Amino acid sequence: MKYKPLGRTGVQVSQLCYGTMSFGGDADEATSAAMFKAARDAGINFFDTADQYSKGRSEEILGGLIQAERDQLVIATKCFNPTGSDINARGSSRRHVRRAVEASLKRLGTDRVELLFLHHYDAHTPLEEQMRALEDLVRAGKVLYPAVSNYAAWQTQAALGIQERAGWARLQAIQPMYSLVKRQAEVELLPMAQASGLSVFPYSPAGGGLLSGKYTQKGAQGRLATNKMYEARYGEPWLHETAARFSGFCKERNLHPMSVAVAWVGTQPAVTAPIIGARNLEQLQASLDSVKVAMTPELRAGISALSRAPAVATDRSEEANK
């Protein structure tokens, strides 16, 4: 396992981040513990969760697992999504963010998290207020480094400008969707992150499992077949056609498609660490093995050619390869 800088903080994080969305849901407590151990044995020191995962149960399980080695770990959580029926139990207002973080710290059994991601952009709360919410928590010592997830490049850059003008702690990381079948981040998010010194922790590096190879089999079961959100996100025919080409490409080279999908994301120059997750140890091992894939320029180019590259930001497509 290699380690990379977390933004401009001086902290080092593993080249893979373990995402605990399955803890307390698809993975029971025993399975979660086994996967946590496997991740630690592989050298992962960075774990990501969110207050909404399994209605807080993910944080509770992760909190129990980290107690013996808390100071050796980098922990990230997220808030924004509803945590109750109250109209104000959601969003990125200072009121909700503070209450959400206090609840997360209690579930995690810790006095701070290294990273707090605002999970989505809040169109109903001024960006200045969102950044002040993060600043308050940094000053209180409950959050060490601010971060955002699912923000557009302009929103992220505007947030950095607000923080710089106010003398507040700056964003250190972003968490976008990114995979071979979801490449929009290449247009502006990834170049922006490199220019601004932000770490990039992409989620769904295997396209929600689409790139795992199992959906090339008729009648395959999984999130893409049973979850409406994932059906909508990955329902376009060309995505499945790309996944089928990718599966064949990997089979010809005797490579596990899950390992290669994660490695392709992880070796993108702007990426710090893909977020991997699993429902069981077998699934997890394929993602852990991504660090063993020798991602040569030729292999990377061959994989990239299997999918649609997004249009350049200015629509001057004739300049894309200059």
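Could you pull out every one of the helices (runs of 4 or more DSSP H) wholly within region 222-298 that has 3 or more residues that are open to solvent by less than 20 Å² (accessible area, probe 1.4 Å)? Show your work before the answer.
Working: elements: 223-226, 228-233, 237-252, 257-266, 281-288.
Of the helices (runs of 4 or more DSSP H) lying wholly inside region 222-298, those with at least 3 residues that are open to solvent by less than 20 Å² (accessible area, probe 1.4 Å) span 237-252, 257-266, 281-288.
Of Ala309, Ala313, which residue is in contact with a helix residue (DSSP H, G or I) (Cβ under 9 Å, 6 or more places away or on another chain), over 18 Å from Val181 (Cβ atoms) and loosely packed, with under 14 Cβ neighbours inside 10 Å?
Values: Ala309 fails: over 18 Å from Val181 (Cβ atoms).
That would be Ala313, the only listed residue that is in contact with a helix residue (DSSP H, G or I) (Cβ under 9 Å, 6 or more places away or on another chain), over 18 Å from Val181 (Cβ atoms) and loosely packed, with under 14 Cβ neighbours inside 10 Å.
Could you say which residue among Ala294, Ala261, Ala286, Ala225 is farther than 30 Å from Gly197 by Cβ and modelled with pLDDT of 95 or more? First the steps, then the outcome.
Numbers: Ala294 fails: farther than 30 Å from Gly197 by Cβ; Ala261 fails: farther than 30 Å from Gly197 by Cβ; Ala225 fails: modelled with pLDDT of 95 or more.
When all the criteria are applied, what remains is Ala286.
Can you pull out every residue in region 92-119 that is part of a strand (DSSP E or B) and open to solvent by 10 Å² or more (accessible area, probe 1.4 Å)?
Filtering region 92-119 down to residues part of a strand (DSSP E or B) leaves 113-118.
Glu114 - this is the single residue of region 92-119 that is part of a strand (DSSP E or B) and open to solvent by 10 Å² or more (accessible area, probe 1.4 Å).
Any residue in region 152-180 that is on the phi < 0 side of the Ramachandran plot and part of a loop (DSSP other than H, G, I, E, B) sitting within a Cβ distance under 8 Å of a residue that is of a type in the set (Lys, Arg) and open to solvent by 20 Å² or more (accessible area, probe 1.4 Å)? List the pairs, counting only those 6 or more apart or interchain.
From residues that are on the phi < 0 side of the Ramachandran plot and part of a loop (DSSP other than H, G, I, E, B), the pairs are Trp168/Arg132; Arg170/Arg8; Gln172/Arg8.
Within region 203-221, which residues are modelled with pLDDT under 90, in a loop (DSSP other than H, G, I, E, B) and among the polar types (S, T, N, Q)?
Correct list: Gln217, Gln221.
Given (1) at pLDDT below 95; (2) under 30 Å from His96 (Cα atoms); (3) among the charged types (D, E, K, R); (4) touching a helix residue (DSSP H, G or I) at 6+ places or on another chain (Cβ under 7 Å), identify the lone condition not met by Glu231.
Just one mismatch for Glu231, condition (2).
In region 198-207, is there at least one residue being polar (S, T, N, Q), touching a strand residue (DSSP E or B) at 6+ places or on another chain (Cβ under 8 Å), open to solvent by less than 10 Å² (accessible area, probe 1.4 Å) and touching a residue at least 40 places away in the same chain (Cβ under 8 Å)? I'd like the intermediate steps shown before the answer.
Of region 198-207, the ones polar (S, T, N, Q) are 199, 204.
So of that shortlist, the ones also touching a strand residue (DSSP E or B) at 6+ places or on another chain (Cβ under 8 Å) come out as 199, 204.
Cutting the leftovers down to open to solvent by less than 10 Å² (accessible area, probe 1.4 Å) gives us 199.
Imposing the further condition that a residue be touching a residue at least 40 places away in the same chain (Cβ under 8 Å) reduces the set to 199.
Looking for residues that are polar (S, T, N, Q), touching a strand residue (DSSP E or B) at 6+ places or on another chain (Cβ under 8 Å), open to solvent by less than 10 Å² (accessible area, probe 1.4 Å) and touching a residue at least 40 places away in the same chain (Cβ under 8 Å), one finds at least one in region 198-207, hence yes.
The values are calculated or read from the model by the stated rules, or taken from the named source; none is laboratory data. Just so it is clear, the structure is predicted and the values come from calculations on it, not from any experiment. Glycine gets a Cβ as well: all are built from the backbone with ideal geometry, and neighbour counts include every protein chain shown. These area figures cover heavy atoms from the full protein model, side chains too; ligands, DNA and RNA do not enter into them. Shrake-Rupley method; radii C 1.70, N 1.55, O 1.52, S 1.80 Å.
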